[in-house]
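What follows draws every value from the coordinates through simple rules; no lab data is involved. Being a predicted model, the structure only gives us computed values, none of them experimental. Cβ coordinates were reconstructed from backbone atoms using ideal geometry, including for glycine residues, and neighbour counts include every protein chain displayed.
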Amino acid sequence: MPVLHMVRASPFAAPALEACLDRVRPGDAVLLMEDAVLAARRGTAPAARLVRTAAEVEGLRLHVLEPDLLARGIAAAELVEAVAVVDDGSFVDLAVGYPTILPWI
Amino acid sequence: MKNFVFVVRRAAHGTAHGRELAEAAMLAGAMDQSVAVAFLDDGVFQLKSGQCPAAVGAVAVTGPLAALAEDGLARLYVESESLAERNLSAEDLAVATQVLTRAEMSDLLGRADVILTA
Amino acid sequence: MRYAYGDKSWPHDENGYLEHFESWDEDLAAVIAAAEDIILTPEHWEVLYFLRQYYADFEIAPAIRVLTKAVARRLGPEKGNEAHLRRLFPGGPAKQACKIAGLPRPTGCV
């Protein structure tokens, strides 16, 4: 069964994102929210890790929550191409679309 | 007069710590203390331009920081290594802040009478 | 809880602070001032508009010491001193003036 991984912690402050990306399987999805959206800004080590994992794991989908980007002043142009921006509405659709949700604090 | 240094190490809006520290620094500065605010590690994200905290129901932090600097209530410092690790530069910041190296930042902390962090 | 004047009304919180900064106008200021036993003079308006500009710029309602410093810096020391501000707003320059100016309650107000 595909798993939706929800990551909330900043990748610079906690190992949650890395721990998550070490364990994702083909067909899973990762949603970056709260301080974890900082991982999606290009030009950093966590962003490079995201891109690498997206290339390695078949069918892995990476999402980043729009309100958290807006709050932190991160524009779409700053993001790596591997991630897709979702708003609050599609976040709910995403969450109900996966039988299993795994939070990474 | 005491030499206060407020240290901000967390990013904005995941928690309200940045705003709370800015408010505390503002009060200390208004009491005629020597106040510095040091942004290091994820704390540098507090200064990023273009923030819209209302998107997550949070309150502004760059506004109070600008007031601190403009009214001379506190001096703002940001660590260059922390910026570089996050692919940020001084041009990405909403508030004029003096950039210090990590070694200079350590000296600043070493000279403090009181260090406050959140 | 609302302030009312003619056919206008404005929601406020349990302490009388306006809910929506943008909805403020001079009629509302006069309503709140009257409730606080203050008759607004040009000197009052100067502080009220100063506070509105301060909040628009910095998104924070200043505590008394912060307000005094900011007024002194921008309008001069004869205006930016606590005695002058207390004479205008006996209920507390920051608390009372912020309320009449349509700002939220000042933080760390002492």
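Numbers below:
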| item | result |
| --- | --- |
| Under-5 Å amide H pairs with B:L100, H placed in peptide plane, nonlocal only | B:V78, B:E79, B:S80 |
| Aspartates and glutamates whose Cα lies under 16 Å from that of B:K2, excluding same-chain neighbours fewer than 8 positions away | B:D32, B:D113 |
| Which listed pairs, of C:K79/C:K99; C:K8/C:K79; C:K69/C:K99; C:K8/C:K99, have C-alpha distances above 27 Å, in listed order | C:K8/C:K79 |
| Sparse-neighbourhood loop sites, GluC sites (Glu not before Pro) in the stretch C:4-51 - DSSP loop, at most 10 other Cβ within 10 angstrom | C:E14 |
| Phi-based couplings in Hz for the stretch B:55-66 (Karplus 6.51, -1.76, 1.60; Gly and Pro marked x) | 4, 10, x, 9, 10, 5, 10, 5, x, x, 5, 5 |
| Restricting the stretch B:1-105 to trypsin sites (Lys or Arg not before Pro) in coil, as DSSP defines it, with at most 14 other Cβ within 10 Å | B:K2 |
| Principal-axis tilt of helix C:42-58 within chain C, Cα atoms, nearest 10 degrees | 90 |
| Antiparallel bridge percentage (DSSP; both residues within the protein assembly as shown; nearest 5) | 15 |
| Fraction of beta bridges assigned by DSSP in chain B that are antiparallel (%, nearest 5) | 5 |
| Residue range of chain A that is longest and free of GluC sites (Glu not before Pro) which are both DSSP loop and sparsely packed (at most 16 other C-beta within 10 Å) | A:1-57 |
| Per-residue average of Cβ from other chains inside 10 Å of A:7-13 | 4 |
| The protein assembly as shown: C-alpha gyration tensor shape, a/c 1.5 cut-off, then a/b vs b/c | oblate |
| Cα gyration tensor category, rounded, prolate or oblate, for the stretch A:3-104 with a/c compared to 1.5 | rounded |
